[in-house]
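These notes are about the structure you will find just below.
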Amino acid sequence: MKLSRIVSNQPDISRKQANWLIATGQVYVNDLSCRTAGADVDEFAAVSVNGQTLQQGHCAHYIMLNKPAGYLSATEDDTHPTVLQLLPSALGQGLHIAGRLDRATTGLMILTNDGTWSRQLTLPGMGIAKVYRVATAYPIGPDTPQRFAEGIWFEYEQLTTAPAILELLEPTLARLTIYEGRYHQVKRMFHAEGNRVIALHREQIGHLQLNSDLAEGHFRMLTGSEIEGLNRYYT
């Protein structure tokens, strides 16, 4: 919201008065004077005029979670446990999931109460790499890496997937990097090759890697540098 709108929303302050208060340096955003009426101010910023609080602001949370199997990437469900149940109830309020995983899939998830940030991070056209460790029911064919690099045709969407990178680790184990987030994409790509995914684990989003010492079901807050690293994809 524009700063002038926040100030003029007060019952005793007109739009003209708001602009004057801002121009004369009497409006503070996060304890710093702001003289730009058109400045964008999010819900996390504290706004005050001459010591009177207009917007309290609240803490933004950016969380890394190591998702176990069996949990839904949802805020609530009547049948299955959800990933929010792995967090303290006070922390889980208002969280968004930036990049969902299937119930059986494990690994890196990002949760945040910054809805604008999470939507930007998951826009289809952002081209942010997602890295998965994939176990298959049958040996992976020698031509599968090339097929994935060329793209796999999805009949339902009438499109070819973006080029993906497949690194063979063992006959039935691989590391796959995709740059999209289509519905059941990894499983459908392998199905198109006559194979079946039996275990799927997300290791990385962009430059953010899941900590090897973060146990399943556990979480930690992202650091400032990790958040900034993800911001670079859409700024």
**OP:** Among the residues of region 76-89, write down those that are closer than 18 Å to G107 by Cα and part of a helix (DSSP H, G or I).
**Re:** V83, L84, Q85, L86
Original post:
Applying the selection to region 39-75, what residues are in a loop (DSSP other than H, G, I, E, B), of a type in the set (F, W, Y) and touching a Phe, Trp or Tyr at 6+ places or on another chain (Cβ under 9 Å)?
Top reply: none
Subject >> Condition check for G92: in contact with a Lys or Arg (Cβ under 8 Å, 6 or more places away or on another chain), under 30 Å from G107 (Cα atoms) and either in the same structural domain as N113 (by TED's automatic domain parsing) or of a type in the set (A, V, I, L, M, F, W, C) (or both) >> reply: no
Original post:
How many residues are in contact (Cβ under 8 Å) with a residue 12 or more places away in the chain, at negative phi and surrounded by 11 or more Cβ atoms within 10 Å (Cβ to Cβ) when one looks only at region 29-53?
Top reply: 15
Original post:
How many residues does region 17-33 contain that are outside any strand (DSSP E or B) and among the aliphatic types (A, V, I, L, M)?
Top reply: 4
**OP:** Of the numbered conditions (1) on the phi < 0 side of the Ramachandran plot; (2) at pLDDT 90 or above, Q120 fails exactly one; give the number of that condition.
**Re:** (2)
**OP:** Identify all residues within region 164-178 that are touching a Pro at 6+ places or on another chain (Cβ under 7 Å) and surrounded by fewer than 11 Cβ atoms within 10 Å (Cβ to Cβ); write none if there are none.
**Re:** P171
**OP:** Kindly indicate which of Y156, Y183, Y138 is exposed (fewer than 15 other Cβ atoms within 10 Å of the Cβ), aromatic (F, W, Y), modelled with pLDDT of 95 or more and within 26 Å of R103 (Cβ to Cβ).
**Re:** Y138
**OP:** Could you list all residues from region 207-235 that are of a type outside the set (D, E, K, R), in a loop (DSSP other than H, G, I, E, B) and more than 15 Å from R133 (Cα to Cα)?
**Re:** H207, L214, A215, G217, H218, L222, T223, Y233, Y234, T235
Original post:
If you check E157, E167, E203, E180, which single one turns out to be more than 14 Å from M109 (Cβ to Cβ) and under 16 Å from the mean Cα position of the chain (by Cα)?
Top reply: E180
Subject >> Residue count for region 14-28, restricted to those that are touching a Leu at 6+ places or on another chain (Cβ under 7 Å) and in contact (Cβ under 8 Å) with a residue 24 or more places away in the chain >> reply: 1
Subject >> Only one of T161, T116 that is β-branched (V, I, T) and surrounded by fewer than 17 Cβ atoms within 10 Å (Cβ to Cβ) >> reply: T116
Original post:
In this structure, is T36 in a strand (DSSP E or B), among the hydroxyl-bearing types (S, T, Y) and over 25 Å from M221 (Cβ atoms)?
Top reply: no
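The values are calculated or read from the model by the stated rules, or taken from the named source; none is laboratory data. Small disclaimer: the values here were computed from a predicted structure and weren't measured. Cβ: placed from backbone, ideal geometry, glycine included. Neighbour counts: every protein chain shown.
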